[in-house]
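This report refers to the structure that appears directly beneath it.
The values are calculated or read from the model by the stated rules, or taken from the named source; none is laboratory data. These numbers come from a predicted model, not from an experiment. When we count neighbours, we look across all protein chains shown, and the Cβ atoms used for this are built from the backbone with ideal geometry, even at glycine. Accessible surface is based on the protein model in full, side chains and every heavy atom, while ligands, DNA and RNA are left aside. Shrake-Rupley method; radii C 1.70, N 1.55, O 1.52, S 1.80 Å.
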Amino acid sequence: MALSKFCMALPILVATACVSAPSAETAGETDTLSTISKLAETKQVPGFDWQKNFPSWFQKQEPFRIIGGEGSAVYYVGNKGLGALFIPTSEGHIVIDGAMPGQGQWIADSITRLGFDPKEVKILLNSHAHIDHSGGLAELKEITGARLFASAGDKSALEGGFYLGSEDVEYLNAPPVTVDRVIADGETVTLGAAKLTAHITPGHTRGCTSWMMDVDQGGESYETLFFCSASVAANRLVGPPQYEGIVADYRQTFATTRDWKPDVFLSNHAEFFGMAEKRDKQIAGDPLAFVDREGFPAMMGRLEAAFEKALQKQKEARK
């Protein structure tokens, strides 16, 4: 199938998977308006091969420290395309997201390469219940013995292993995983010196959860955001919507985040925050390569415009 036709048929979880990698100028922008506007309703794709169509999601990435000094640091333990974070503390460790099914061991191996013991991971957090971010959580839970904290809005999808609103689409299924603690908007998760605040930013999924924490480096504190998502991708906004209230949820998220300007912007797809380019700068000697106070507001502006355009197109298609 030609890539353009594939993108129109597949209910992809992020639009960037079907577009070329962003240039340095647009690093962090992951939704191409033309791609989102052409996405069709969810369909079965017999024999669908995730690795063939999304190769970066299966390419290993050497783990590295993003920001923070001893006792207060955030590490990248995902792969080339899918972000996962590791936050070590003196009382045990935290991991955010599990990438694709079968990649829990990859994440555990990355933690080992950093010099830490995966069995010391005490808490697993999730950004949202889509296969490319929740798929490895059950495996990680088995490896580490950690407890999973997640939002009420995504609990049913995590525990049922389905994509909410597309429950009958088998290739979107993820291994079911038990949620041990339900997290509410504004609630904090504390372990050792790490304190993360949950911000429910719904729309992309009903319980989409962004995590924010302060990280110290060189005597300075940096507000660090791990953002869930606000892309429309193939979500149905109308007739019938992916879930009831989805349009209001997207607009709530855009309103909530309008004044957010984190020092460090991270997310669950490397392209969202220009990981490759920033990592190159870091390797070249810039210790604050991931400090980017303009990246998040700029991306959200583009995503909001893409949402309104997608909504209008879907409404017109229903006439």
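Every listed requirement among (1) touching a residue at least 60 places away in the same chain (Cβ under 8 Å); (2) within 17 Å of residue 77 (Cα to Cα); (3) open to solvent by less than 20 Å² (accessible area, probe 1.4 Å) is met by residue 99 save one, (1). Might you check whether a residue that is more than 20 Å from residue 265 (Cβ to Cβ) and either modelled with pLDDT of 95 or more or within 20 Å of the chain's Cα centre (by Cα) (or both) occurs anywhere in the range 65-85? Among the residues of the range 65-85, not one is more than 20 Å from residue 265 (Cβ to Cβ) and either modelled with pLDDT of 95 or more or within 20 Å of the chain's Cα centre (by Cα) (or both), which makes the answer no. Scanning the range 248-282 for residues that are closer than 18 Å to residue 199 by Cα and among the aliphatic types (A, V, I, L, M) gives 248, 255, 264, 266. Would the range 68-76 turn up any residue that is in contact with a Ser or Thr (Cβ under 9 Å, 6 or more places away or on another chain), in a loop (DSSP other than H, G, I, E, B) and open to solvent by less than 20 Å² (accessible area, probe 1.4 Å)? For the range 68-76, residues in contact with a Ser or Thr (Cβ under 9 Å, 6 or more places away or on another chain), in a loop (DSSP other than H, G, I, E, B) and open to solvent by less than 20 Å² (accessible area, probe 1.4 Å): absent.
Quick check: anything in the range 86-95 part of a loop (DSSP other than H, G, I, E, B), touching a His at 6+ places or on another chain (Cβ under 7 Å) and modelled with pLDDT of 95 or more? No, because not a single residue in the range 86-95 is part of a loop (DSSP other than H, G, I, E, B), touching a His at 6+ places or on another chain (Cβ under 7 Å) and modelled with pLDDT of 95 or more. Being touching a residue at least 12 places away in the same chain (Cβ under 8 Å), crowded, with 16+ Cβ neighbours inside 10 Å, polar (S, T, N, Q) and assigned to a helix (DSSP H, G or I) is a property that does not hold for residue 166.
For residues in the range 137-163 being touching a strand residue (DSSP E or B) at 6+ places or on another chain (Cβ under 9 Å) and assigned to a loop (DSSP other than H, G, I, E, B), which is farthest from residue 191 (Cα to Cα)? The residue in question is 145.
Looking across the range 279-304, just one residue is in contact with a Ser or Thr (Cβ under 7 Å, 6 or more places away or on another chain) and open to solvent by 10 Å² or more (accessible area, probe 1.4 Å), and that is 300. Considering every residue within the range 37-52, establish whether at least one is buried (at least 18 other Cβ atoms within 10 Å of the Cβ), at pLDDT 50 or above and among the aromatic types (Phe, Trp, Tyr). No. The criterion of being under 21 Å from the mean Cα position of the chain (by Cα), over 25 Å from residue 153 (Cα atoms), of a type in the set (A, V, I, L, M) and in a helix (DSSP H, G or I) does not hold for residue 289. For the range 305-317, the criterion of being open to solvent by less than 10 Å² (accessible area, probe 1.4 Å), at pLDDT 95 or above and closer than 13 Å to residue 225 by Cβ is satisfied by no residue at all. In this structure, does residue 237 turn out to be hydrophobic (A, V, I, L, M, F, W, C) and under 21 Å from residue 290 (Cβ atoms)? Against the criterion (hydrophobic (A, V, I, L, M, F, W, C) and under 21 Å from residue 290 (Cβ atoms)), residue 237 does not qualify. For first residues located in the range 303-319 and touching a residue at least 40 places away in the same chain (Cβ under 8 Å) and of a type outside the set (Val, Ile, Thr), partners that are open to solvent by 90 Å² or more (accessible area, probe 1.4 Å) and assigned to a helix (DSSP H, G or I) and lie 6+ apart or on another chain with Cβ distances below 9 Å form the pairs 304/251; 307/251; 313/38. Tallying residues that are without any contact (Cβ under 8 Å) to a residue 60 or more places away in the chain, open to solvent by less than 60 Å² (accessible area, probe 1.4 Å) and part of a helix (DSSP H, G or I) within the range 110-136 yields 4. For residue 90, are the conditions met, namely being among the polar types (S, T, N, Q) and under 22 Å from residue 198 (Cα atoms)? Criteria met by residue 90.
Being under 14 Å from the mean Cα position of the chain (by Cα) and of a type outside the set (A, V, I, L, M, F, W, C) is a condition met by at least one residue of the range 214-236.
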